[in-house]
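Note sheet for the following structure.
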Amino acid sequence: MATPTLQAEILKLKKQRNAVILAHNYQSKEIQELADFVGDSLGLAYKAKETPADVIAFCGVHFMAETAKIVNPGKIVVLPDLDAGCSLEQSCPGPQLEAFLKANASKNYYVIAYINCSAHVKALSDCICTSGNAVKIVEAAPQDRPILFVPDQNLGSWVMEQTGRKMDLWKGACYVHVEFTRDSIQAIKTKHGDAKVVAHPECTYAVRMLADEVCSTEKMVGFCRNDPAETFIIVTESGMLHRLEREVPGKRFIPGPTGHCACADCRYMKMNTLEKLHDALRDLSPQVNMDEDIRKRAEKPLLRMLELSR
Ligand code: 13P
Ligand code: SF4
């Protein structure tokens, strides 16, 4: 089926199902074009919580769709491809964190989990954060308890730099963002003298040091819109460029090259396609579900986050 026909069919099914289509900033241009809302993890969590729709078609990765289900247990949540995982989620398996916390029970850790983790890890945490509110969440943490920050060590160290609060960091990383190197960004910076560098906090320290702005994907839109520069080097997943080109017209966006390829695609994010979204809405499958005990325990720290970041 041609793309416009497929998009029209999806919109028809969406109406029949009383569904809402939520898409992350890293989704393909075709998916972003027909989504009801395109945003970062924080914006998507709010939208998922507030939607009156019966069905949430989540175009993102598994932990994002799972988050939508945690805050909306009565709704059907479909994810076009259930294998759309995340390397950060994989770097912190629930049973491993559970064993670590048991072995270190005397420390009485306050656990802050970056939203890029499983429902099991969320259930073991005191508060969740996203890259958009991590500084705020860490600043609101109790002063009399040590913080364990899971699973992204790069986001964690950036938050420590911003807040001055010391934390113990889980050694996880995003396989896409750690591919950007200081040399590759420096080379592109030299070529485009006037360009500003905007990087995601999942990047390494060496790359963040070259950036004019380090922020979540949503904040990138506001920064590029308001900053007087005309050209920006965008050091994050390639889908971000579609959002920026659509919402900040007249400016130029250059993708940050990774070590071995010119485009930084997250293979998990790109598993979702229009065809799979169409079939998911038609069949109401595959659905994201979880154990009710885990869901209830995971909901608490998520709601705490939503409350704290208002
Ligand atoms: P944002 O919340 O900034 O969109 O980040 C999500 C993510 O997966 C980054 O790799
Ligand atoms: Fe996970 Fe990285 Fe993909 Fe984001 S870009 S979903 S952190 S693997």
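The values are calculated or read from the model by the stated rules, or taken from the named source; none is laboratory data. Treat the numbers as computed from the prediction; the structure is a model and nothing was measured. Cβ coordinates were reconstructed from backbone atoms using ideal geometry, including for glycine residues, and neighbour counts include every protein chain displayed. Calculation scope for accessible area: heavy atoms of the full protein, side chains included, ligands and nucleic acids excluded. Shrake-Rupley method; radii C 1.70, N 1.55, O 1.52, S 1.80 Å.
Observations on the model:
- Looking at the range 135-249, the helices (runs of 4 or more DSSP H) lying wholly inside it that each contain 3 or more residues that are under 23 Å from N116 (Cβ atoms) sit at 153-163, 205-208, 217-226, 240-247.
- Those residues of the range 266-283 which are in contact with a Pro (Cβ under 8 Å, 6 or more places away or on another chain), more than 16 Å from ligand 1 (Cβ to nearest atom), assigned to a helix (DSSP H, G or I) and open to solvent by 20 Å² or more (accessible area, probe 1.4 Å), in sequence order: K276, D279
- In the range 217-238, the condition of being among the small types (G, A, S), touching a Ser or Thr at 6+ places or on another chain (Cβ under 8 Å), farther than 23 Å from G60 by Cα and modelled with pLDDT of 95 or more is met by no residue.
- Scanning the range 73-104 for residues that are more than 16 Å from ligand 2 (Cβ to nearest atom) and open to solvent by less than 20 Å² (accessible area, probe 1.4 Å), we see that the one that is farthest from Q287 (Cα to Cα) is L97.
- Answer from P201, P257 - the residue that is within 16 Å of ligand 2 (Cβ to nearest atom), open to solvent by less than 40 Å² (accessible area, probe 1.4 Å) and over 18 Å from the mean Cα position of the chain (by Cα): P257
- Residue among L303, L308 that is over 18 Å from K69 (Cβ atoms), open to solvent by 60 Å² or more (accessible area, probe 1.4 Å) and in contact with a Lys or Arg (Cβ under 9 Å, 6 or more places away or on another chain): L308
- Taken as a whole, the condition of being in contact with a Lys or Arg (Cβ under 6 Å, 6 or more places away or on another chain) and surrounded by fewer than 18 Cβ atoms within 10 Å (Cβ to Cβ) applies to N108.
- Checking each residue in the range 196-224 for being among the basic types (K, R) and farther than 21 Å from H242 by Cβ picks out only R208.
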